[in-house]
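Have a look at the structure below before the remarks.
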Amino acid sequence: MLREQVLYDHLVSDLFGFNALQLGLPQHNLLRNSRMPLHIRAGKEPGVKLWLESIELPIESDSLDLVLLPHILEFSQHPHEILREVERVLRPEGTVIISGFNPRSIWGVRRLLGNKADYPWKGAFISAPRLKDWLKLLGIEVQQSEFCCFAPPFHVSSMMPGSKYLEPRKRHWWSGIGGVYFLQAKKRVPGMRLIKPLWNSSLVSKLLPVAPKLNRQGQAQNVMHDEREVIHLEQ
């Protein structure tokens, strides 16, 4: 979680707004570097400031500038509903940052072949391309992606030194196979276009009085007619 904390610290420090929500993992303050005045850590774990169901957020629509989803989708039975709620509560141009375990990595192979009883192997890993498709359907545009945790998930101490040595090199060689991915996305709202009504011209002409049509030629003819009448009277 240390590497993820570093990435969250970096990503949230450049985002501006007023209201930020961290949904899940409240034991880790992933908003500690955020400049937004209101930070809320919510979920169903002990110690949260806001106890809630992630699929039914008791938050006003279009009210949040930033939402963090740290490893919540792969451990939920309704990940689509969570994303719909996030889209609802985000302001236009608001940001969501999602971290998840990458099934297309050594971590994914470990989950596939090993025991799934413990954390995080009991989760249903969601690939980054699949998650991007879900976000696109909701009108949320992915701006950047990041991967970390390239070292194999071994607990044998003799294998850890080599894994730590390869970690920075794998970051550049095989950037898409990290054990954990980050997606930073923005809620896009298309511009509104004014749709003018199709007026019934015949009905409008009956309901509204018709104004006299005046033009320069007509006005000149009226003036000449008036002058002739004045001359006739003088004679």
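The residue of region 26-68 that is most open to solvent (accessible area, probe 1.4 Å), among those that are in contact (Cβ under 8 Å) with a residue 40 or more places away in the chain and touching a helix residue (DSSP H, G or I) at 6+ places or on another chain (Cβ under 9 Å), is H28. If the condition is being in a loop (DSSP other than H, G, I, E, B) and either at pLDDT 95 or above or open to solvent by less than 80 Å² (accessible area, probe 1.4 Å) (or both), then region 2-17 contributes S13, L15, G17. Only one of the listed residues (R111, R84, R88) is in contact with a Phe, Trp or Tyr (Cβ under 6 Å, 6 or more places away or on another chain) and in a helix (DSSP H, G or I). That residue is R111. The residue of region 132-184 that is least open to solvent (accessible area, probe 1.4 Å), among those that are aromatic (F, W, Y) and at pLDDT below 75, is F154. Within region 77-108, how many residues are loosely packed, with under 14 Cβ neighbours inside 10 Å and modelled with pLDDT under 80? Residues flagged as loosely packed, with under 14 Cβ neighbours inside 10 Å and modelled with pLDDT under 80 within region 77-108 amount to 0.
The values are calculated or read from the model by the stated rules, or taken from the named source; none is laboratory data. All figures in this text were calculated on a predicted structure; none of them were measured in a lab. Note that each Cβ is placed from the backbone with ideal geometry, even for glycine, and that neighbours are counted across all protein chains shown. These area figures cover heavy atoms from the full protein model, side chains too; ligands, DNA and RNA do not enter into them. Shrake-Rupley method; radii C 1.70, N 1.55, O 1.52, S 1.80 Å.
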